[in-house]
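As structure tokens, the structure follows; a few thoughts come after it.
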Amino acid sequence: MKLKNYLFGGLMMLGLPFVSHAQSSKYKCMIQMSSYLGDGAYIAVSLVNSKGDYEKTLYIIGDDDKWYKSLKDWYKFYKKSNANLSAVTGASISGGDRTVKVIEIEDSKINTGYKLRFESAVEDHKYNEKDAEIPLTTAALAGKADGTGYIKYVRLSKIAK
């Protein structure tokens, strides 16, 4: 009887790491830029919690790190986090253009007060801390969010698994 309990306990312990993996979903994120004159925009796509604190960088549009500091609020978070961004960066985007990127969001963040924040900056132009924000709700993730600066709108669509 004791041997069965030890075997069962051992098997349960082996299974725990597999249970704790966070489930996530991938989303196509289409960003349509407003028509503006000037250089390409740098955009930080971040996960922020219900208090407005940055938790994770999901994508950076703009691959020259010397311009990251122009994304003022995100840059403060980035410098503290020391995150490696090489897998989540791409070229900047110009006025009137659009881009589609794939971002991954943990399912546990949906409908719990989190948001996606799109922060934008263009050299020698105005900085936009909250160019667009999308509440991480089932309804908002299926809709369109208007921007307030260089971003005209953002549309997300879940990628089927």
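Structure data summary
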read-out: Complete set of residues in region 106-128 that are modelled with pLDDT under 95 and basic (K, R); value: K126
read-out: Residue list for region 85-114, filter: in contact (Cβ under 8 Å) with a residue 40 or more places away in the chain and either crowded, with 20+ Cβ neighbours inside 10 Å or of a type in the set (S, T, Y) (or both); value: S92, I93, S94, T99, I105, S108, T112, Y114
read-out: Test: residue in region 121-130 that is closer than 23 Å to Q23 by Cβ and in contact with a strand residue (DSSP E or B) (Cβ under 6 Å, 6 or more places away or on another chain); value: no
read-out: Search result, residues across region 118-128 that are within 12 Å of L47 (Cα to Cα) and surrounded by fewer than 21 Cβ atoms within 10 Å (Cβ to Cβ); value: none
read-out: Identity of the residue in region 129-155, modelled with pLDDT of 95 or more and in a loop (DSSP other than H, G, I, E, B), that ends up surrounded by the most Cβ atoms within 10 Å (Cβ to Cβ); value: Y150
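The values are calculated or read from the model by the stated rules, or taken from the named source; none is laboratory data. The shown structure was predicted, so the numbers you read here are calculated from the model rather than taken from an experiment. No Cβ is skipped: glycine too gets one built from the backbone with ideal geometry, and neighbour counts run over all protein chains shown.
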